[in-house]
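**Student:** A single structure is presented below for examination.
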Amino acid sequence: MKKLRFGLPEGIPCLIIILLIFGYIGSVMGLPNMLNTIMKTAHDLLLNTVFYLMGICVVTGALGRLFVEFGVVKLIERLLRPLMRPLFNLPGVASLGAVVTFLSDNPAIISLAQDKRFAAYFKKYQYISLTNFGTAFGMGLLVIVFMVGQGFYVEPFIGLAGAFVGCIVSTRLMQRFVVKAYPQYATENVIEEEAKTHEEEADAPKESLFIRILNALLDGGRSGVDVGIAIIPGVLIISTFVMILTFGPAETGYTGSAYEGVELLPYLANKLSWLFKLLFGFADPHLIAFPITALGAVGAALGVVPNFVAQGWMDGNAIAVCTAIGMCWSGYLSTHTAMLDSLGYRSLTTKAILAHTIGGIVAAIVAHGIYLLYALL
């Protein structure tokens, strides 16, 4: 058995932390109520949130694959190319990364970056910053469609504008951090001898138009199911835990029903309510639960939205801000390490996380500012 520096067995600190957390929650709610609330909240999230999100994933996945099959993604990529260099200091082909991650998830840009024809366009410092660039658009379509489904139509697109600005900040900050740590990366190419032939003539499709459409829809829908299954642990575990720390007892006290809790996060947020009000325009301290959850998984963060809307805590401004910070952060704490590791630059993980933390905060502030201007119109 491994021992820590002070001679304690490795599992002891873990047990102490778990006992402290659940001991505190159980002392407030009562042990039977705590266990019942955990199970009922997770069950309700599975039925009413996860399956709804999975339905969105299937539809958007099918739509995304259809766009790829019939050249819509390539068209969008060509339209966005002129923005890449002046805004993100990236080659024009990087716009393809923004499109594919917007339609799917953060890691999609890694599979693209590992294509030598794509990587040949980048200096090393630009190539490394793709982790931040792609993450800021991850699951963007899912987030926007979900927020529209809650009855907000303009606000999610204000959030998209905020996420776009946050992406610029995160990407350029990461590039500065990399060049400062490794000045040689500013001039070194990722691929030295690879021919820069990003676009190739595709073979003429052999299938009929109907078969191409059918295959695209079914394959895209199947990938949507995979994404929907992948978000289940995050929604059930993280959202359940966050909701217990966010909500309070029922009017009659603790009953063991779903969505009861100890209201710890709002209590802590009240201490800094003036700051959240100033930066994000949050009118209720409970809203801080969304960005905290989005740090680990944006799908889990979306799981708290329906209840927050039903409680009247989320207004148009909160939707815009949460869309911006949710899309920009997009669970980066749980993906940045793996993404940089796959690119071969694991040592730069802390710099990527710092840059993206700042980018997400900027995204939320910008979305709040744009919403205030929109409200004046």
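**Student:** From (1) of a type outside the set (Ser, Thr, Tyr); (2) closer than 29 Å to Asp341 by Cβ; (3) surrounded by fewer than 17 Cβ atoms within 10 Å (Cβ to Cβ), pick out the condition that doesn't hold for Leu20.
**Tutor:** (2)
**Student:** Now, a different point. Six or more apart or on different chains, Cβ atoms under 7 Å: show the pairs whose first residue is in the stretch 113-139 and within 15 Å of Thr187 (Cβ to Cβ) and at pLDDT 85 or above and whose second is surrounded by fewer than 24 Cβ atoms within 10 Å (Cβ to Cβ) and of a type in the set (Ser, Thr, Tyr).
**Tutor:** Going by the 7 Å Cβ cut-off, the qualifying pairs are Lys123/Tyr185; Lys123/Thr187; Lys124/Tyr185; Tyr125/Tyr185; Ile128/Tyr345.
**Student:** Exactly one of (1) at pLDDT 95 or above; (2) outside any helix (DSSP H, G or I) is unmet by Phe164. Its number?
**Tutor:** Looking at each condition in turn, Phe164 falls short on (2).
**Student:** Sticking with this structure for a sec: For the stretch 118-162, which positions are at positive phi and surrounded by 20 or more Cβ atoms within 10 Å (Cβ to Cβ)?
**Tutor:** Matches in the stretch 118-162: Met139 only.
**Student:** A further question on this structure: In the stretch 319-335, what residues are within 8 Å of Gly162 (Cβ to Cβ) and in contact with a Ser or Thr (Cβ under 9 Å, 6 or more places away or on another chain)?
**Tutor:** Matches in the stretch 319-335: Cys328 only.
**Student:** Give all pairs with beta carbons closer than 9 Å in which a residue from the stretch 260-285 that is under 29 Å from Ala42 (Cβ atoms) meets a residue that is modelled with pLDDT of 90 or more and of a type in the set (Ser, Thr, Tyr); count only pairs at least 6 apart in sequence or on separate chains.
**Tutor:** Within 9 Å, the pairs are Glu260/Thr37; Glu260/Thr41; Glu260/Tyr254; Gly261/Thr37; Gly261/Thr41; Val262/Tyr24; Leu264/Tyr24.
**Student:** Given the residues Leu87, Leu35, Leu20, Leu66, which is the only one that is of a type outside the set (Ser, Thr, Tyr), modelled with pLDDT under 90 and either closer than 30 Å to Ile211 by Cβ or outside any loop (DSSP other than H, G, I, E, B) (or both)?
**Tutor:** Leu66
**Student:** Give me the helices (runs of 4 or more DSSP H) completely within the stretch 269-377, filtered to those with at least 3 residues that are modelled with pLDDT of 90 or more and more than 14 Å from the chain's Cα centre (by Cα), ordered by residue number.
**Tutor:** Answer list for the stretch 269-377: 273-280, 305-310, 316-329, 349-376.
**Student:** Cβ contacts < 8 Å: first residue of a type outside the set (A, V, I, L, M, F, W, C), restricted to the stretch 287-299; second residue outside any helix (DSSP H, G or I), any location; separation 6+ or different chain. Result?
**Tutor:** Thr293/Gly303; Thr293/Val304; Gly296/Gly331; Gly299/Met139; Gly299/Ile231; Gly299/Gly331
The values are calculated or read from the model by the stated rules, or taken from the named source; none is laboratory data. Here the structure is a predicted model, which is why all the values come from computation and not from measurement. So basically every Cβ, Gly included, is an ideal-geometry build from the backbone, and we count neighbours across all protein chains shown.
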